Amino acid sequence: MNKYLPVGIVTAFALINALPLSAVEQGDPMPNCALSSLQGQDSFSLEQYKGQVIYVDFWASWCGPCAQSFPFLNSLHSEFKDQGLKILGVNLDEEKPLAHEFLIKYPAAFTIANDASGQCATKFAVKGMPSSYLIDRQGIVHHVHLGFRPSEAEEIRSLVRQLLAAKK
């Protein structure tokens, strides 16, 4: 058994310790950041989703609660994608094969992006895994959620419904 922590865990701890003191909170504007696909072929920014309700979820392959959250995120995507919800799973693994292995075990029906450098996680001041941000069509953060507990799924669904029902 390897007595050392996986690289992803070390990186996440380094990122968390290097984060700015002010985390993104409810009522704050969404930070813009550049992301890439896990394959590295496509790049995009969060700004391009302005005008849509966005659920941004930061995750890593070593995160147990992240594995538990993926079935919920798939369900949320299936239920609300046609109403305008965009779910973006932002992976923070430095080693892309770890993310690919995770996605084989826990497939994602929603968009997966890569943030191996941690620049997006830094802008959001992510404090743990998973960290989720529900953002309205104007780019304002309406809900910040740390961790994943199945008992909170209905509250998140309700918040998504409210934002989708709001006028553009």
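Here the 3J(HN,Hα) profile of the stretch 151-156, calculated from phi with Karplus coefficients 6.51, -1.76 and 1.60 at θ = phi - 60°, is 5, 9, 4, 5, 4, 5 Hz, Gly and Pro shown as x. Annotated for the chain: lysine pairs at least 8 residues apart or interchain, Cα distance under 23 Å, count 18. Each peptide in 125-134, 144-153, 91-100 gets a packing score, the mean of other Cβ atoms within 10 Å over its residues, and the list from highest to lowest is 125-134, 91-100, 144-153.
Annotation: amide H-H contacts under 5 Å for THR111 (H modelled 1.01 Å from N, sequence separation of 5 or more, or interchain): ILE87, GLY89. Between 0 and 90 degrees, the angle of helix 64-80 with respect to the longest Cα principal axis of the chain falls at about 30 degrees. Under 5 Å from the amide H of CYS33 lie the amide H atoms of LEU46, GLU47, each residue being 5 or more positions distant or on a separate chain, with H modelled from the backbone and absent for Pro and chain starts. Add +1 for every Lys or Arg and -1 for every Asp or Glu among the other residues with Cβ under 12 Å from the Cβ of PHE58, and state the total. With Lys, Arg at +1 and Asp, Glu at -1, the neighbours total -1. Taking the DSSP bridge list for the stretch 51-168 and keeping only pairs wholly inside it, about 50 percent are antiparallel. The residues of the chain expose on average 50 square angstrom of accessible surface per residue, using a 1.4 Å probe on protein heavy atoms.
Compared with the dominant Cα axis of the chain, that is its longest principal axis, helix 96-105 is turned about 60°. Could you tell me whether the stretch 65-148 comes out rounded, prolate or oblate from its Cα gyration tensor? Rule is a ≥ b ≥ c as square roots of the eigenvalues, rounded for a/c under 1.5, then prolate if a/b exceeds b/c, otherwise oblate. Because a/c hits 1.5 or more and a/b fails to exceed b/c, the stretch 65-148 counts as oblate. Counting charges near PHE72 (Lys, Arg +1; Asp, Glu -1) among other residues having Cβ under 11 Å from its Cβ returns a value of -2.
Distances between placed amide hydrogens fall under 5 Å for HIS143 paired with LEU134, all partners being 5 or more residues away or on another chain.
The values are calculated or read from the model by the stated rules, or taken from the named source; none is laboratory data. Computed from a prediction, not measured in an experiment: that's the story for all the values here. Please note: Cβ atoms are built from the backbone with ideal geometry, for glycine as well, and neighbour counts cover all protein chains shown. SASA here: full protein model, heavy atoms, side chains in, ligands and nucleic acids out. Shrake-Rupley method; radii C 1.70, N 1.55, O 1.52, S 1.80 Å.
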